[in-house]
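Notes for the one structure printed next.
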Amino acid sequence: MSNVIDKLCLTTPLGKSDHVCMEFGYLTNHYTQSPLHQKLDYWKADYESVKRELSAIDWDTELLNKSVTESWQIFQKKLLMLCEKYTCAFEEK
């Protein structure tokens, strides 16, 4: 994924600092919720199962010859999949 920084703006330093402040937008993948407005109840997640499945993955092979961005996307996708698998959903009020 390229061009993840959007609207870069350099602003005045904070206080007596001689360093400028940077403001920018960070573009990332957007995940939408189901139309039923369900959310995951992370307080009741089975984190031991998530940990067990993450530990069973051969990360050296999985991330071989991948860039940092590609590696992050692979890890993030697997983690989200496991969180959905081992976390109960509830309808938002």
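Could you tell me whether any residue of the stretch 65-75 is modelled with pLDDT under 80, out of contact with any Gly (no Cβ under 6 Å at 6 or more places or on another chain) and basic (Lys, Arg)?
Scanning the stretch 65-75 turns up no residue that is modelled with pLDDT under 80, out of contact with any Gly (no Cβ under 6 Å at 6 or more places or on another chain) and basic (Lys, Arg).
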Qualifying residues in the stretch 16-28 (those that are of a type outside the set (Val, Ile, Thr) and either modelled with pLDDT under 80 or outside any loop (DSSP other than H, G, I, E, B) (or both)) - the one farthest from Thr69 (Cα to Cα): Cys21
Qualifying residues in the stretch 29-46 (those that are surrounded by 10 or more Cβ atoms within 10 Å (Cβ to Cβ) and not charged (D, E, K, R)) - the one modelled with the highest pLDDT: Ala45
Search result, residues across the stretch 36-77 that are of a type in the set (D, E, K, R) and in contact with an Asp or Glu (Cβ under 8 Å, 6 or more places away or on another chain): Lys39
Residues of the stretch 56-93 that turn out to be closer than 16 Å to Asn29 by Cα and surrounded by 10 or more Cβ atoms within 10 Å (Cβ to Cβ), as a count: 13
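The values are calculated or read from the model by the stated rules, or taken from the named source; none is laboratory data. A quick note: this is a predicted structure, and the numbers were derived from the prediction, not measured. In this analysis, Cβ positions are derived from the backbone assuming ideal geometry, glycine residues included, and neighbour counts consider all displayed protein chains.
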